[in-house]
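Asks: Here it is, the structure, as structure tokens.
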Amino acid sequence: VHLKKVIITTEDRRSEIIIGGKWTEVAGYIPIERTVVITDENIFRIYGEKFPSCQVFCIRPGEKSKNLDTIENLGSKLLSAGVDRGGFILGIGGGVVCDIAGFLASVYMRGIRFGFVSSSLLSQVDASVGGKNGVNLGSVKNIFGTFNQPEFVICDTDMLKTLPEDEYLSGLAELIKMGAALSKSLLDSIEKNKEMIMARETKLMESLVYESVRLKADIVSEDEKESGKRKILNFGHTFGHVIEAVTGQKHGLAIASGMKIAAVISVLEGMLQESESKHLIGLLGYFSLLKDHDISVEVYEKMIGTDKKREGADVSFVLLEAEGKALIKKISVKRLTGYIGLIEKIR
Ligand SMILES: NC(=O)c1ccc[n+]([C@@H]2O[C@H](COP(=O)([O-])OP(=O)(O)OC[C@H]3O[C@@H](n4cnc5c(N)ncnc54)[C@H](O)[C@@H]3O)[C@@H](O)[C@H]2O)c1
């Protein structure tokens, strides 16, 4: 087996992302006797039989579990199970499981060791890589959390075969985002291998996940705490978050529509060639990632104007100057949402 590894180094940590191996080999990475597994019911149903022989705690699948109640609940289970500072938490699952497992491991007894088997496409290309973790407060996302790198993340693209279609597409949108914002060559590979991507071909997905992780790792190593360059990864997210919140669309699908808007705004701002914007939008359309929605300028204005990431009247908006080349520009909320009326016409 040809393992690909990406190493993330931050001030105080070294984290290894392993792509191309079998997830069942995770036993070789953990202190079995001291490990507890955190997973969700779906994953446990499909893969539980092959879990390493550790105690397993299952959460309900889905975003609703990402709250402090779950942390408290799991915390008391760890305590009853006798997990001490020498314990190890292994999260096996998608972004929700990884965010919860990472946060719990960061605060339980002021922090214990942890690692992930990352099972969804979204978590392989994005969520489990980079050391952000956390839980929501009501409907406000990721209010409690830490920056803390897992010791390892195992990405086995064979696991993607069992993902529900909408979850797969949602992850695909984040993969396209990585290409659009950071790498024309990744975008080209996606374009060139459209059919194999839809067929979830293990080896091809492995190389795309690897490429994406490598790109993210470079950024995280440079700017772990998102004070600068890491913000580029928010391409499509300013409008995408509003679409997600208002329509309830899957995260990645909402981000896809957000990318379309951001690409068109990049053209309107005179940064991006119209042909490039059309090309990106065409790719998003090919994978059926652009769902209809009908959100008014007023709603965008209100929601972007109160976004936790805004800075006064401005937002750090991610624009493209070319496919594969994003940049951050401070733009006022008014100016940004003023473009909305033009979007449908220009496209
Ligand atoms: N920490 C970060 O940097 C970061 C980045 C992006 C997203 N996130 C977070 O990630 C979460 C979304 O992640 P997600 O899309 O993986 O959601 P998820 O963990 O809820 O997984 C989606 C669904 O797919 C199921 N599933 C996962 N892997 C499967 C598999 N191999 N086979 C069958 N079913 C499988 C899950 O049980 C769940 O029902 C959000 O909470 C988001 O905030 C975090």
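The values are calculated or read from the model by the stated rules, or taken from the named source; none is laboratory data. Source: prediction; values computed, not measured. Using ideal geometry, Cβ is built from the backbone for each residue, glycine included, and neighbour counts are taken over all protein chains shown.
Asks: Need a quick list: helices (runs of 4 or more DSSP H) entirely within region 292-347 having at least 1 residues that are modelled with pLDDT of 90 or more and of a type outside the set (Val, Ile, Thr).
Replies: Correct list: 297-305, 333-338.
Asks: Search region 21-33 for residues being within 16 Å of the ligand (Cβ to nearest atom) and part of a helix (DSSP H, G or I), and hand back the single one that is nearest to Ala245 (Cα to Cα).
Replies: For region 21-33, the residue satisfying everything is Trp23.
Asks: May I pose another question? Given the structure, is Ser275 farther than 27 Å from Tyr168 by Cβ, more than 23 Å from the chain's Cα centre (by Cα) and modelled with pLDDT of 95 or more?
Replies: Numbers: farther than 27 Å from Tyr168 by Cβ: yes; more than 23 Å from the chain's Cα centre (by Cα): yes; modelled with pLDDT of 95 or more: yes.
Yes: the conditions hold for Ser275.
Asks: Restricting attention to region 239-258, and to residues there that are of a type outside the set (Gly, Ala, Ser) and under 15 Å from the mean Cα position of the chain (by Cα), which single residue is surrounded by the most Cβ atoms within 10 Å (Cβ to Cβ)?
Replies: Here is the first cut: in region 239-258, the residues of a type outside the set (Gly, Ala, Ser) are 239, 241-244, 246-247, 249-251, 253, 255.
Applying the additional criterion that residues be under 15 Å from the mean Cα position of the chain (by Cα) yields 241, 244, 250-251, 253, 255.
Values: His241: 21, Glu244: 21, Lys250: 20, His251: 23, Leu253: 25, Ile255: 30.
Among residues in region 239-258 that are of a type outside the set (Gly, Ala, Ser) and under 15 Å from the mean Cα position of the chain (by Cα), the one surrounded by the most Cβ atoms within 10 Å (Cβ to Cβ) is Ile255.
Asks: Cβ-Cβ below 9 Å, separation at least six or inter-chain, first residue in region 145-166 and within 29 Å of Lys291 (Cα to Cα), second of a type in the set (A, V, I, L, M, F, W, C) and assigned to a loop (DSSP other than H, G, I, E, B): which pairs?
Replies: From residues that are within 29 Å of Lys291 (Cα to Cα), the pairs are Cys155/Val129.
Asks: I'd like the residue in region 141-170 that is touching a Gly at 6+ places or on another chain (Cβ under 6 Å) and surrounded by 22 or more Cβ atoms within 10 Å (Cβ to Cβ) and, out of all such residues, is farthest from Gly115 (Cα to Cα).
Replies: Ser170
Conditions (1) over 19 Å from Lys22 (Cα atoms); (2) of a type in the set (Val, Ile, Thr); (3) in contact with a Phe, Trp or Tyr (Cβ under 9 Å, 6 or more places away or on another chain), marked per residue:
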site	(1), (2), (3)
Asp69	yes, no, no
Gly102	yes, no, yes
Gly111	yes, no, no
Phe114	no, no, yes
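Asks: Out of Val220, Val213, I need the residue that is aliphatic (A, V, I, L, M), on the phi < 0 side of the Ramachandran plot and at pLDDT below 95. Which one?
Replies: On the way: Val213 fails: at pLDDT below 95.
One residue alone meets the criteria, Val220.
Asks: So which residues in region 141-155 are among the charged types (D, E, K, R) and near the ligand (Cβ under 9 Å from one of its atoms)?
Replies: Lys141
Asks: A follow-up question, please. Taking into account only those residues within region 1-21 that are loosely packed, with under 13 Cβ neighbours inside 10 Å and touching a residue at least 40 places away in the same chain (Cβ under 8 Å), which is farthest from Arg214 (Cα to Cα)?
Replies: Narrowing region 1-21 to residues loosely packed, with under 13 Cβ neighbours inside 10 Å: 1-3, 7, 11-12, 14.
Retained after the next criterion (residues that are touching a residue at least 40 places away in the same chain (Cβ under 8 Å)): 7, 11, 14.
Numbers: Ile7: 8, Glu11: 18, Arg14: 15 Å.
Only one residue fits best here, namely Glu11.
Asks: Taking region 251-297 on its own, how many of its residues are over 23 Å from Gly95 (Cβ atoms), among the polar types (S, T, N, Q) and in contact (Cβ under 8 Å) with a residue 40 or more places away in the chain?
Replies: 3
Asks: Would you be able to say whether some residue in region 76-91 is under 19 Å from Ser212 (Cβ atoms) and touching a residue at least 40 places away in the same chain (Cβ under 8 Å)? Please lay out each step first, then the result.
Replies: Initially, region 76-91 is screened for residues under 19 Å from Ser212 (Cβ atoms), giving none.
Within region 76-91 (the criterion being under 19 Å from Ser212 (Cβ atoms) and touching a residue at least 40 places away in the same chain (Cβ under 8 Å)), the answer is no, since none of the residues qualifies.
Asks: Right, next: How about region 22-45: which of its residues are crowded, with 18+ Cβ neighbours inside 10 Å, among the polar types (S, T, N, Q) and under 19 Å from Gln124 (Cβ atoms)?
Replies: Thr39, Asn42
Asks: Considering only residues that are over 18 Å from Lys64 (Cα atoms) and in a strand (DSSP E or B), look in region 113-140 and name the one that is farthest from the ligand (Cβ to nearest atom).
Replies: Filtering region 113-140 for residues that are over 18 Å from Lys64 (Cα atoms) and in a strand (DSSP E or B), the one farthest from the ligand (Cβ to nearest atom) comes out as Arg113.
Asks: Could you check how many residues of region 35-63 are without any contact (Cβ under 8 Å) to a residue 60 or more places away in the chain, in contact with a strand residue (DSSP E or B) (Cβ under 9 Å, 6 or more places away or on another chain) and within 16 Å of the ligand (Cβ to nearest atom)?
Replies: Of the residues in region 35-63, 15 are without any contact (Cβ under 8 Å) to a residue 60 or more places away in the chain, in contact with a strand residue (DSSP E or B) (Cβ under 9 Å, 6 or more places away or on another chain) and within 16 Å of the ligand (Cβ to nearest atom).
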